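Structure first, then comments.
The values are calculated or read from the model by the stated rules, or taken from the named source; none is laboratory data. What you see is a predicted model; the values in this text were computed from it and never measured. Quick reminder, even Gly has a Cβ in these numbers, built from the backbone with ideal geometry, and neighbours come from all protein chains shown. Side chains are part of the model used for accessible areas, which takes the heavy atoms of the whole protein and leaves out ligands, DNA and RNA. Shrake-Rupley method; radii C 1.70, N 1.55, O 1.52, S 1.80 Å.
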Amino acid sequence: QVQFVESGGGLVQPGGSLRLSCVASGISFRLHAMGWYRQAPGKQRELVATITRDGSTTYVISEKGRFTISRDNAKNTAYLQMNNLQPEDTAVYYCNRVPSPYAYWGQGTQVTVSS
């Protein structure tokens, strides 16, 4: 059974930082490229960053330089370090496989950027 458990979100002021974690189970984590997605209120879910099996990374242009995706295959865990957060980063953040996400999505972790 595929399962993703995201954590690390919270309320942060503009310019602040958060580190998100995603623990995967039920999949051969090390064999899959992974991505972080987010869904803001009233908007569709969008892909934020990806990391391949061997650690190569890609970012949505607006996040490049502020976000860093990483993974620890021994812990079946993906991370998203987010710096200089802005109000437009407010969303629920999820992880899943890329480029073909599993039908199952975790509960996500809420990130709210507000002063």
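For the stretch 76-111, the tally of residues that are touching a helix residue (DSSP H, G or I) at 6+ places or on another chain (Cβ under 9 Å) and closer than 18 Å to Ser21 by Cβ stands at 6. Only a single item in (1) over 15 Å from Thr109 (Cβ atoms); (2) open to solvent by 50 Å² or more (accessible area, probe 1.4 Å) is not met by Arg66, and it is number (2). Take Gly106 and tell me if it is assigned to a loop (DSSP other than H, G, I, E, B), in contact with a Cys (Cβ under 8 Å, 6 or more places away or on another chain) and in contact (Cβ under 8 Å) with a residue 40 or more places away in the chain. The answer is yes for Gly106.
Would you check which residues across the stretch 8-44 are surrounded by fewer than 16 Cβ atoms within 10 Å (Cβ to Cβ), in contact (Cβ under 8 Å) with a residue 60 or more places away in the chain, under 11 Å from Gln110 (Cα atoms) and under 15 Å from the mean Cα position of the chain (by Cα) and list them? Answer for the stretch 8-44, where residues must be surrounded by fewer than 16 Cβ atoms within 10 Å (Cβ to Cβ), in contact (Cβ under 8 Å) with a residue 60 or more places away in the chain, under 11 Å from Gln110 (Cα atoms) and under 15 Å from the mean Cα position of the chain (by Cα): Gly10, Gln39.
Could you check, for the stretch 69-91, whether at least one of its residues is open to solvent by less than 60 Å² (accessible area, probe 1.4 Å), in contact (Cβ under 8 Å) with a residue 24 or more places away in the chain, in contact with a Leu (Cβ under 8 Å, 6 or more places away or on another chain) and of a type in the set (Val, Ile, Thr)? Among the residues of the stretch 69-91, at least one is open to solvent by less than 60 Å² (accessible area, probe 1.4 Å), in contact (Cβ under 8 Å) with a residue 24 or more places away in the chain, in contact with a Leu (Cβ under 8 Å, 6 or more places away or on another chain) and of a type in the set (Val, Ile, Thr), which makes the answer yes.
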